[in-house]
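Structure, as structure tokens:
The values are calculated or read from the model by the stated rules, or taken from the named source; none is laboratory data. Quick caveat: nothing in here was measured; it's all calculated off a predicted structure. We place every Cβ from the backbone using ideal geometry, glycine too, and count neighbours over all the protein chains shown. For the accessible areas, the whole protein counts, side chains as well, though only heavy atoms, and no ligand, DNA or RNA atoms are used. Shrake-Rupley method; radii C 1.70, N 1.55, O 1.52, S 1.80 Å.
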Amino acid sequence: DQQVKQNSPSLSVQEGRISILNCDYTNSMFDYFLWYKKYPAEGPTFLISISSIKDKNEDGRFTVFLNKSAKHLSLHIVPSQPGDSAVYFCAASALDSGAGSYQLTFGKGTKLSVIP
Amino acid sequence: GAGVSQSPRYKVAKRGQDVALRCDPISGHVSLFWYQQALGQGPEFLTYFQNEAQLDKSGLPSDRFFAERPEGSVSTLKIQRTQQEDSAVYLCASSPGTWRGSYEQYFGPGTRLTVT
């Protein structure tokens, strides 16, 4: 029973174009969402986050959009660069729900390849 | 500065052996998390420490798994009588504040455990 779903295992994008990575969740108690980036043989690295009270958060080339009614979030990378090639994980937390609130629940990841 | 380090990076164990995996968090970080990442999956939460107190161990898959952080810094994840299904990458993450105060987690490179 996957509470956080990343339905695209992989995505290829030309350098300079927009990359859009999608994430869906089922648990309505989730109120904080994060994106992590992972290179091979390294641990995940925090990229950007968004609270459920917002619908958009920007940090340089990275923007995360949250649609609470659809239980959907997306990460936009503009413009995409070859160094962005990595696995991207979506993660969610129910910070204020009490029991289980220490956990981050991760999706399976999407492998992004940016082609020069 | 130094990030989260984990040792060993790779461990091969025969089925039935006990293993101990070490995590050195970033100095001064209050929160420490352990995750298990199976092949092709996202990290799955195992346990959470706030300083030396283990506040959540709901993700530990069985009583063969035990974690400790006796002095509130270094942590050890111990797996007794290893089974083949324990084969995974074990990730440690630390965070500067308490869970509700600091959402970003800094991950180590992980320990890849293979049980033969």
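Within 10 Å of each Cβ of B:33-45, how many other protein chain Cβ atoms are there on average?
Numbers: counts 3, 0, 5, 0, 6, 1, 0, 3, 5, 16, 10, 4, 8.
Mean shielding count: 5.
Tell me, how many Å apart are the Cα centres for region A:1-37 and for region B:1-59?
Cα centroid of region A:1-37 versus Cα centroid of region B:1-59: 24 Å apart.
Quick one: buried accessible area between A and B, total over both chains, 1.4 angstrom probe, nearest 100 Å²?
Details: alone 6480 and 6480 Å², together 11090 Å².
Buried: approximately 1900 Å² between B and A.
What's the carbon and sulfur percent of region A:4-115's accessible surface, probe 1.4 angstrom, rounded to a whole number? Provide the component values of the computation, followed by the final result.
Numbers: 2500 of 5120 Å².
The computed percentage sits at 49.
For region B:31-116, what relative contact order do you get, as a whole percent, if you take Cα pairs closer than 8 Å and at least 6 residues apart?
About 28 percent, as a whole number.
Filter the GluC sites (Glu not before Pro) in region B:52-81 down to the DSSP loop ones having no more than 14 other Cβ atoms within 10 Å, then list what survives. Please report the intermediate quantities before stating the final value.
Working: sites: B:Glu52, B:Glu68, B:Glu71; in loops: B:Glu52, B:Glu71.
Sparse-neighbourhood loop GluC sites (Glu not before Pro): B:Glu52, B:Glu71.
At a threshold of 8 angstrom on Cα-Cα distance, excluding pairs fewer than six apart, so keeping six or more, what relative contact order does chain A reach in percent?
Working: 280 pairs, mean separation 42.0, N = 116.
That works out to 36 percent.
For region A:4-115, what does the accessible surface come to per residue with a 1.4 Å probe? Please give it in Å². Intermediate values should be presented prior to the final figure.
Numbers: 5120 Å² over 112 residues.
Ligands and nucleic acids excluded, the result is 46 Å² per residue.
Counting only other chains, and only Cβ atoms inside 10 Å, what mean value do you get across the residues of A:44-52? Let's see the in-between values first.
Values: counts 11, 5, 7, 1, 0, 2, 0, 1, 0.
Partner Cβ neighbours, averaged per residue: 3.
Quantify how strongly other chains surround peptide A:84-94 by giving the mean number of their Cβ atoms within 10 Å of each of its Cβ atoms.
Values: counts 0, 0, 0, 1, 0, 3, 1, 5, 0, 3, 0.
Shielding by partners across A:84-94 averages 1.
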